[in-house]
1. Of the lysine pairs in the chain, how many meet both conditions: Cα atoms under 12 Å apart, and a spacing of 8 or more in sequence or different chains?
2. Quick check of the Kirkwood formula: for region 61-126, what is the inverse mean of 1/r over all pairs of different Cα atoms, in Å?
3. Ordered by residue, what ³J(HN,Hα) values in Hz, to whole numbers, does region 123-131 give under the Karplus form 6.51 cos²θ - 1.76 cosθ + 1.60, where θ = phi - 60° and Gly and Pro are x?
4. Can you give the local net charge around Phe49? Use residues other than it whose beta-carbon is closer than 14 angstrom to its beta-carbon, Lys and Arg +1, Asp and Glu -1.
5. Mind running the shape call on region 30-105? Use the C-alpha gyration tensor, a ≥ b ≥ c as the square roots of the eigenvalues: rounded below 1.5 for a/c, prolate if a/b tops b/c, oblate otherwise.
6. On a C-alpha basis, how far is the centre of region 90-104 from the centre of region 176-190 in Å? Whole number, if you could?
7. Can you sort Lys19, Lys190, Lys62 from fewest to most other Cβ atoms within 10 Å of each residue's own Cβ?
8. Net charge near Ala31: determine it from the other residues with C-beta under 10 Å of the C-beta of Ala31, scoring Lys and Arg +1 and Asp and Glu -1.
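Please treat every number below as a calculation from the coordinates, not as lab data. Keep in mind it's a predicted model, so treat the numbers as computed, not measured. All Cβ positions, glycine included, derive from the backbone under ideal geometry; neighbour counts span all protein chains shown.
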Amino acid sequence: MPEPLIIVFLKAPRPGAVKTRLAKSIGPEAACQAYMEMSLSVLETLRGFNRVQLRFTPDDAKSEIQSLLQPGWSSAPQGSGDLGDRMKRAFQETAGPTILIGTDCPTIEPTDLDEARSALEIHPVVIGPARDGGYWLIGMRECYLDLFTGIHWSTDRVFSETMNRAKQVGLPVQTLRTLADIDTKADWEKWSG
């Protein structure tokens, strides 16, 4: 199997547009700073990986994320649509095995990505569940469009609905360890403390 491409979904660091739940308790400027710290932590974890693409939103944010690129990494806009539409597009536009992560779980370790790559050698799909009912990683050997159909995005049902869809279409899934997103002030203080 070829080396999987690692795609990182990230947003332009604009106050009021990132970490909006966290911003309700600490303010939009502080939430934007928190978002940048989390993003930098995730990207530092990826420093040793060569096949990395930063997929940014909104589509006019290329200049705002350029400084985050490491030598050999690439970038592309996420495009329009809901989270499912944008993830589906990212997988469709890459040929071969792909692992997609976000920046909400800064506790990701290089070993998590190594485990995901190893899982794709055996299974067509790998998912890292998040404590809030979503997932922090999804990897596929090829684009399985069914896994993006009928999912209630940004809810606590994303992981269970995705697993159900995989079962319905006969796709074996390897799960990774469960991690916590940072969405609240308590989450932020626990991680940054």
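1. 4
2. 14.0 Å
3. 10, x, 9, 10, 9, x, x, 9, 4
4. Residues near Phe49 contribute -3 overall.
5. Oblate.
6. If you average the Cα positions of each part, the centres end up 22 Å apart.
7. Fewest-to-most Cβ neighbours within 10 Å comes out as Lys190, Lys62, Lys19.
8. +3
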